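The values are calculated or read from the model by the stated rules, or taken from the named source; none is laboratory data. Quantities reported herein were computed from a predicted structural model and do not represent experimental measurements. So basically every Cβ, Gly included, is an ideal-geometry build from the backbone, and we count neighbours across all protein chains shown. Heads up: the accessible areas ignore ligands, DNA and RNA and are worked out on the full protein's heavy atoms, side chains in. Shrake-Rupley method; radii C 1.70, N 1.55, O 1.52, S 1.80 Å.
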Amino acid sequence: MSSPALQPRPERVELIAADGHRLSSGRARPTGPPRGGIVVLHAVYGATPHMGDVCARWAAAGYTAVAPALFYRLGRDIVHPYDRPSDGVGSYG
């Protein structure tokens, strides 16, 4: 695995959907040529900071990783606490 100094760092980027909707996303790129790409999907909690860590781990393995904020059409930066996942489930019924 990469040393901490060379560990890929996640960054915030904006994605544009086919209908023109703009949504936030986390992305991490490998330090060398990418072996491929992966889309990281979040759970009911939303796009938590942990998603950036997951992207960074994929990038350390050689993949470009993107984690879109899937709830962005409902509101910006929606994140539900880990100790209350039902908050997220009940919000979108």
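Would you pick out the residues in the range 31-76 that are part of a loop (DSSP other than H, G, I, E, B) and open to solvent by 50 Å² or more (accessible area, probe 1.4 Å)?
31, 33, 34, 35, 41, 43, 45, 70, 73, 74, 76, listed by residue number.
Among the candidates 27, 9, which residue alone is basic (Lys, Arg), part of a loop (DSSP other than H, G, I, E, B) and under 28 Å from residue 74 (Cα atoms)?
9
Note down all Cβ pairs under 7 Å where the first residue falls in the range 63-83 and is on the phi > 0 side of the Ramachandran plot and in contact (Cβ under 8 Å) with a residue 60 or more places away in the chain, the second is open to solvent by 70 Å² or more (accessible area, probe 1.4 Å) and not hydroxyl-bearing (Ser, Thr, Tyr), and they're at least six residues apart or on different chains.
none
Filter the range 8-23 for residues that are crowded, with 16+ Cβ neighbours inside 10 Å and over 9 Å from residue 67 (Cβ atoms) and give the result.
8, 23
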